[in-house]
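*Asks:* Here you go, one structure.
The numbers here are math on the coordinates, done by the rules we state, and not lab data. Please read all numbers here as calculations on a predicted model, not as lab measurements. When we count neighbours, we look across all protein chains shown, and the Cβ atoms used for this are built from the backbone with ideal geometry, even at glycine.
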Amino acid sequence: MSPVSGSIRRGAVPRGGVVSYPSNRLKEEVAYLAFHFHWPLSDILDLEHRDRQHWVEQINRINAKVRQS
């Protein structure tokens, strides 16, 4: 058995990190990035949560500038 699961069974509380992320939100982000950047699913899913959010924000900024033009 891994040391992590053993420590949790003994009452240790895991700290930090994203425990859960709503699957519908993840699907929206993946679709958004795939649509705009044409990246493959595996590449998008390999991104860290913060990196994926960063790219979504960048696309939003670009789209906002285009709409203002």
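*Asks:* Can you give the local net charge around Asp51? Use residues other than it whose beta-carbon is closer than 14 angstrom to its beta-carbon, Lys and Arg +1, Asp and Glu -1.
*Replies:* Net local charge, Asp51 excluded: -3.
*Asks:* Want the number for Ile62 to Ser23: 0.36 nm per residue separation, take away the alpha-carbon distance, what's left?
*Replies:* Gain on extension, Ile62 to Ser23, equals 11.5 nm.
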